[in-house]
1. Could you please report the charge total around Phe209, scoring K, R as +1 and D, E as -1 over all other residues with beta-carbon less than 14 angstrom from its beta-carbon?
2. Excluding residues fewer than 8 places away in the same chain, name every one of the aspartates and glutamates whose C-alpha is closer than 18 Å to that of Lys229.
3. Out of residues 5 or more away from Thr207 or on other chains, whose amide H comes under 5 Å of its own, with H placed 1.01 Å from N in the peptide plane?
4. Given +1 on the Cβ of Lys and Arg, -1 on the Cβ of Asp and Glu, and no further charges, what dipole in debye does the stretch 20-232 carry about its Cα centre, rounded to the nearest 20?
5. How much net charge surrounds His189 when only the other residues with a Cβ under 12 Å from the Cβ of His189 are counted, with Lys and Arg +1 and Asp and Glu -1?
6. Whole-Hz ³J(HN,Hα) for each residue in the stretch 136-144, computed from phi via Karplus 6.51 cos²θ - 1.76 cosθ + 1.60 with θ = phi - 60°, x for glycine and proline: what do you get?
7. Taking 0.36 nm per residue of sequence separation and subtracting the Cα-Cα distance, how much length would be gained by fully extending the chain between Asp170 and Ser201, in nm to one decimal?
8. So who's got an amide H within less than 5 Å of the one on Asp107, skipping anything under 5 residues away but keeping other chains? H placed 1.01 Å off N, in plane.
Amino acid sequence: MRKFTILFLSFLFASVAFAQKSVLIIPFDTKMFNNQESQSICEYSGISYDKSVERFRNELDLQIYAALKDSMTVSSLLRSYTTDASSDMQIVHENSQYYFDEGKKQDINKPGKFKPNENVTIGEITSLKTDNSQKLVAVKIKDPQLYSDLVQNYKAQYVVYITQFELLGDYSNPYTVADKSYERTIKVHYVIYNAMGKFVSGEIATTTFSAKVNDIDQICDQYLSVVAKQIARKIP
């Protein structure tokens, strides 16, 4: 009887492990980072701009991992030790084409034609001609085989691609700007695809905090977890 119980439990645990979802996180490319408040945060925290970019990317990745790890198997191109993930991340970013989604919900490897002004670059977020501030930054992979190899190598059922990170200040009221009582908003653009490259979900996760908070440790610890949990809830 005891032997049967052990075998049954082993089968049960194996079944649960097999049924557990697997997710691959692709962190944002550093060129897709826009921080309007970088001077205050970097000066207070005593770090360079480049270091702050890496810090936000690393911490966001960690917070998403923490939000997912109890319910699924999680891999990240930023911290995987099983393959040359750093090289994979560079290759993925080099083959990524960003665009404003406009509600089209396209697959990551589906061929598409883009008008010249549809390609996303930092500085286009708020244009004098077109306000793109509320549009989702989506992404396509130029080489479909690259995406197929990626999900196969990391055994991923879903891919969470962080396409852009923004930290913006609300400068609409000169009085709040003068006394630093205005709010800042963190906006994380992300798109989720399944293993076949089909669109699953894509949104902008947001949270706000006071402009008086300039400690990068506090910002990462208290506020990145909020957007990470929003992203985690969208995985089926």
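Derivation of every value follows stated rules applied to the coordinates shown; laboratory data play no part. Not measured: the values here are computed from a predicted model. Quick reminder, even Gly has a Cβ in these numbers, built from the backbone with ideal geometry, and neighbours come from all protein chains shown.
1. After counting each charged neighbour, the total is -3.
2. Partners within reach: Glu59, Asp61, Asp70, Glu166, Glu203, Asp221.
3. Placed amide hydrogens put Ile186 under 5 Å from Thr207.
4. Using Cβ point charges on Lys, Arg, Asp and Glu, the stretch 20-232 gives about 660 debye.
5. Combined, the nearby Lys, Arg, Asp and Glu give -2.
6. Listing the rounded values in order: 6, 8, 9, 8, 10, 9, 5, 10, x Hz.
7. 8.4 nm
8. Phe199
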